[in-house]
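Structure record follows, encoded as structure tokens.
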Amino acid sequence: MMWGAKVKTPVDMADDMLKDAITRTTEILSVCENFEADGQEVVAELKKYMDKEWMPNWHVVVGRNFGSFVTHETRCFLYFYFQDKAVMMYKVS
């Protein structure tokens, strides 16, 4: 557990970026009362935040059940669980 989230290892992200991404995501998801209705806005807000804080071209996926295979920039990938949601963030050039 890191900052209230169950982070899947290995983590490929700098510690300051990792803490910031998890903290911001948990703040946003904690106040979201109806993810089914507001999920797209949550994801858009997270992407906008990551693009602003950590340079553009982030991709954000939030859901309960999904699989993936992605190519990402080195040190710019994160996958974690918060409550019943899985969150994947990665950056591409």
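The values are calculated or read from the model by the stated rules, or taken from the named source; none is laboratory data. Since this is a predicted model, take the numbers as computed values, not measurements. Here Cβ is always computed from backbone atoms with ideal geometry, including for glycine, and neighbour counts include all displayed protein chains. Remember, those area values only see protein heavy atoms, side chains included, never the ligands or the DNA or RNA. Shrake-Rupley method; radii C 1.70, N 1.55, O 1.52, S 1.80 Å.
In table form, for the structure just shown:
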quantity	calculated
Contour excess over end-to-end distance, with Cα ends at ARG64 and THR9 and 0.36 nm allotted per residue	17.9 nm
The range 31-74 shape via C-alpha gyration tensor axes, a/c threshold 1.5	oblate
Helix 15-31 axis, angle to the chain major axis (alpha carbon atoms, nearest 10°)	10 degrees
Positive-pole candidate from TYR90, GLY4, GLY39, dipole of the chain, charges at beta carbon	TYR90
Difference of contour (0.36 nm per residue) and Cα-Cα distance, MET1 to ALA44	13.0 nm
About the Cα centre, charge dipole magnitude for the range 1-86 (Lys/Arg +1, Asp/Glu -1 at Cβ), debye	240 debye
Probe 1.4 Å, protein heavy atoms only - accessible area per residue of the chain in square angstrom	62 Å²
Taking the convex hull of Cα positions in the chain, its mean projected area over all directions (nm²)	5.6 nm²
